[in-house]
1. For residues in segment 93-112 being crowded, with 16+ Cβ neighbours inside 10 Å, in a strand (DSSP E or B) and more than 12 Å from the chain's Cα centre (by Cα), which is farthest from the ligand (Cβ to nearest atom)?
2. Quick check on Leu59: is it of a type outside the set (Gly, Ala, Ser), farther than 17 Å from Asp108 by Cα, within 16 Å of the ligand (Cβ to nearest atom) and out of contact with any Cys (no Cβ under 9 Å at 6 or more places or on another chain)?
3. Return yes when Lys131 is away from the ligand (no atom under 16 Å from the Cβ), more than 15 Å from the chain's Cα centre (by Cα), modelled with pLDDT of 95 or more and outside any loop (DSSP other than H, G, I, E, B) and no when it is not.
4. Kindly state which strands (runs of 3 or more DSSP E) lie completely within segment 1-64 and contain at least 1 residues that are among the basic types (Lys, Arg) and more than 12 Å from Ser88 (Cα to Cα).
5. Pick out the one residue from Ile17, Ile34 that is within 15 Å of the ligand (Cβ to nearest atom) and of a type in the set (Val, Ile, Thr).
Amino acid sequence: MGDDRGSLVALEGNKTIPFDIKRVYYLFGTAKDITRGLHAHLALKQVMLCVTGSCKILLDDGVVRESVFLDSPTKGLLVESLVWREMSEFSSDCVLLVIASEHYDEADYIRNYEVFKKTVEIDTLAARTEKHKWNE
Ligand code: TYD
């Protein structure tokens with residue numbers, strides 16, 4: 001949204017943001033050469049966007065690893081549950097806004113990559129078993 005006065009982005013729960021918004025936080029002043037994140041969530045989903053500046057987001061669903069460069073306040077990235085994320089290459093002016101579907105809960109974090117991989121395998125197996133049950 002915008003006019004000759006400038007631009008405006010509105011984010012609404014269950015509309016532009018595809019979940020109920022429970023928490024909003026932002027990262028800024030991140031030192032150069034720092035990598036943050038290095039975790040996945042069991043249930044939480046989030047949308048990330050750089051309000052100013054830029055950074056790189058690496059996403060890994062246990063099978064595919066992909067990097068996205070967030071470099072515009074009009075670019076939002078949806079990160080589903082059970083996705084490993086690493087944020088790096090923060091510009092000095094970067095303000096990374098995170099909109100989350102859950103309150104802060106350390107029990108929802110998977111901070112060990114091997115545990116993450118095992119959890120994805122179990123989740124995939126459970127989904128397959130469930131599908132098999134319904135197809136019988
Ligand atoms: P951390 O999850 O390590 O940040 P990142 O994944 O972005 O590298 O969080 C850093 C610290 O802040 C950690 O002690 C937990 C705390 N924290 C909260 O208290 N509330 C929050 O909403 C978040 C995201 C972190």
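The values are calculated or read from the model by the stated rules, or taken from the named source; none is laboratory data. It should be emphasised that the depicted structure is a prediction, and the values quoted were computed from it without experimental measurement. Using ideal geometry, Cβ is built from the backbone for each residue, glycine included, and neighbour counts are taken over all protein chains shown.
1. Step by step, filter segment 93-112, then rank; the result is Val95.
2. yes
3. Against the criterion (away from the ligand (no atom under 16 Å from the Cβ), more than 15 Å from the chain's Cα centre (by Cα), modelled with pLDDT of 95 or more and outside any loop (DSSP other than H, G, I, E, B)), Lys131 does not qualify.
4. Qualifying strands (runs of 3 or more DSSP E): 23-28.
5. Of Ile17, Ile34, the one residue that is within 15 Å of the ligand (Cβ to nearest atom) and of a type in the set (Val, Ile, Thr) is Ile34.
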